[in-house]
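Student: Input: one structure, supplied below.
Read the figures in this text as sums done on the coordinates, not as results from a lab. In this text, all values refer to a predicted model and were calculated from it rather than measured experimentally. A quick note on method: Cβ atoms are made from the backbone with ideal geometry, for glycine too, and the neighbour counts reach across all protein chains shown.
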Amino acid sequence: MARDPVTVDSERTVREAALAMDRSGIGCVLVTSRQDGKEKAIGIVTERDLVRRVLTMEGHISELRVKNIMSSPLIVVDPSATIEEAAGIMERSRVRRLPVVDEGGLVGVVTVSDLAKALAKQLEYSDAVFNAMARVSAPKEGMYV
């Protein structure tokens, strides 16, 4: 699980969200909004959202707001959930990223990759293909240059 996930306010532009993802080397940002004096996660924007909902649009997209393209309502999981429970939520909801939320708010984000790594570790699995799919080991330097 990635703790302290990157967030953007729902009124920010889509470009600002994309820049936040790029600068942080991540594939999603959580969208927040101030409600009852508190910051609350209300949606998520992924790289896939940018491709499918923004790049396919006609016209001016420079002023497009995050709230207009985010996936919402936000599907979340409790920090006490097991790997199996989180995987079940992801499968049923057809999502690859799952914000972790407790009564205090946003705790982190669990990804399909996180689940695969945890499962590989649990099973003491060392198959190179599985590890590559789960990104268990870092790629060799210069591999993707």
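Student: Please compute the Kirkwood hydrodynamic radius over the chain, one decimal place, Å, based on all pairs of different Cα atoms.
Tutor: 16.6 Å
Student: While we're on this one: Would you work out the charge dipole size for the chain about its Cα centre, treating the Cβ of every Lys and Arg as +1 and the Cβ of every Asp and Glu as -1, and quote it to the nearest 20 debye? Write down the numbers at each step before the final one.
Tutor: Values: 20 positive and 21 negative charges, 69 e Å.
The calculation lands at about 340 debye.
Student: Measuring from the lowest to the highest alpha carbon on each principal axis, how far does the stretch 1-68 reach, largest first, in angstroms?
Tutor: Principal extents (largest minus smallest coordinate, Cα): 35, 27, 16 Å.
Student: Another question, then. Before anything else, pin down the relative contact order of the stretch 2-134: Cα pairs under 8 Å, at least 6 apart, normalised by residue count, whole percent.
Tutor: 22 percent
Student: Next question. Based on alpha-carbon centroids, what's the gap between the stretch 72-103 and the stretch 24-54 in Å, whole number please?
Tutor: Between the Cα centre of the stretch 72-103 and that of the stretch 24-54, the gap is 16 Å.
Student: Taking other Cβ within 10 Å of each residue's Cβ, how do ARG3, ARG96 sort, fewest first?
Tutor: Arranged by neighbour count, lowest to highest, ARG3, ARG96 become ARG3, ARG96.
Student: By DSSP, what percent of the beta bridges with both residues in the chain are antiparallel, rounded to the nearest 5?
Tutor: The antiparallel fraction comes to roughly 80 percent.
Student: Another question about this same structure. Full extension from THR82 to GLN35: what is 0.36 nm times the residue separation minus their Cα-Cα distance, to one decimal in nm?
Tutor: Answer, rounded to one decimal: 13.9 nm.
Student: Dipole of the stretch 2-134 (Lys/Arg Cβ +1, Asp/Glu Cβ -1, origin at the Cα centre): which of ILE83, VAL29, MET57 lies farthest to the positive side?
Tutor: In the stretch 2-134, that residue is MET57.
Student: What is the gain in length, in nm to one decimal, between ALA2 and ASP102 on full extension, counting 0.36 nm per residue of separation less the C-alpha to C-alpha distance?
Tutor: 34.5 nm
Student: While we're here: Using label points projected 7 Å from each Cα along Cα→Cβ, tell me how many nm separate ASN68 and GLU47, to one decimal.
Tutor: Computed distance between label sites ASN68 and GLU47 equals 2.5 nm.
Student: What's the lysine pair count for the chain at a Cα cut-off below 23 Å, pairs eight or more apart or interchain?
Tutor: 4
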